[in-house]
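Beneath this line is the structure, given in structure tokens, with notes to follow.
Just so you know, all these numbers are worked out from the coordinates, no wet-lab data involved. All values reported here derive from a predicted model rather than from experimental measurement. So basically every Cβ, Gly included, is an ideal-geometry build from the backbone, and we count neighbours across all protein chains shown.
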Amino acid sequence: MSALEWFAHKPLGGGIFWIQERFYESGNRANIWLVRGSQRDVVIDAGLGLRSLPEYLRDAGLLAPAEGAGPRPLLAVATHVHFDHSGGLQHFEEVAVHSAEAAALLRGDNYEAVTWLSDREVARPPRPGWSAREFRVPPVRPSRLLQEGDVISLGDRQLTVMHMPGHSRGSICLHDKDRKILFSGDVVYDGSMIDWLPYSRISDYVSSCQRLMELVDRGLVEKIYYVLEAAPLGQMKSNTYARPIGQKENVDHPLAIATCGVVSAASVITWVFIFAKYLSRSFFRIH
């Protein structure tokens with residue numbers, strides 16, 4: 001299977017493209033974002049890596065043409081090293097990850113990557129005879145170690161790194177301050193909070209949720225590009241990739257941050273905090 005078959009994409013406007021692995025049918029399937037700038041392009045999360053994402057970007061014509069000699073810079077940023085986000089980093093020349101998870105990526109630590117992939121989750125194998133049993137996240141040497149407050153410059157847009165641990169110890173969000181956009185990785189997603197994995201930490205997750213709410217309260221974030229549960233094969237709905245914030249309609253669901261559900265201990269703590277805030281005034285509206 002070619003990379004063009006394995007991936008699919010949808011342009012969202014403003015230099016942002018939504019990419020998915022079409023034949024990975026799982027609630028673990030991560031959204032992949034391509035963000036184009038005037039001087040470099042950034043891929044946020046890289047999927048499983050069963051097919052080359054850079055090859056797809058080139059063949060699908062998604063990369064802006066280079067100016068002058070040499071290829072246009074392309075940086076892959078992992079919001080964290082869990083397998084569904086980091087498996088594809090092996091195909092990129094430039095890779096960035098938070099320093100807290102750099103060692104795990106370098107040694108190919110599939111315990112910290114929480115690698116769990118089954119044959120039933122892959123609707124079409126990437127090659128004849130392929131089995132999920134052989135899947136591992138390979139070692140990758142990051143070319144850039146990220147810290148809180150670092151800025152990734154694309155030329156005409158800047159992405160600021162926010163360290164938001166809890167789901168994993170090196171989880172980050174990327175904040176486009178000028179456009180009030182947040183790329184959240186697994187800090188925000190549809191479903192109950194996952195705070196029971198290796199190196200998850202409940203107290204950190206609560207703090208990250210509170211920090212996220214403060215961003216919204218201050219008007220610094222108006223839209224979140226996030227990770228969600230898998231849609232049916234080939235189905236890429238225009239209303240499922242991002243959540244605008246502050247909408248006054250569709251108020252039957254008080255929270256667009258499904259991370260703050262009531263399942264785990266962290267969820268209960270966070271829900272108490274959020275529900276009290278919701279009673280005082282509306283925030284986080286479903287689009």
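May I have the convex hull volume per residue, in Å³, for the Cα set of segment 13-65? Present the calculation step by step, with values, prior to reporting the outcome.
On the way: hull volume 4.6 nm³, N = 53.
So the per-residue hull volume is 86 Å³.
Per-residue counts of other Cβ atoms within 10 Å, averaged by peptide: what ranking do you get for 108-116, 26-34, 5-13, highest first? Don't skip to the end; give the middle numbers.
Details: 108-116: 17.8, 26-34: 21.7, 5-13: 15.6.
Answer by packing, highest mean first, reads 26-34, 108-116, 5-13.
Listed highest first by mean packing, meaning other Cβ atoms within 10 Å per residue, what order do 75-87, 43-55, 162-174, 94-106 come in?
In descending order of packing, they fall as 75-87, 162-174, 43-55, 94-106.
Rounded if a/c is under 1.5, else prolate if a/b is larger than b/c, else oblate: which is segment 1-112, with a ≥ b ≥ c the root eigenvalues of its Cα gyration tensor?
Working: a/c = 1.80, a/b = 1.26, b/c = 1.42.
Because a/c hits 1.5 or more and a/b fails to exceed b/c, segment 1-112 counts as oblate.
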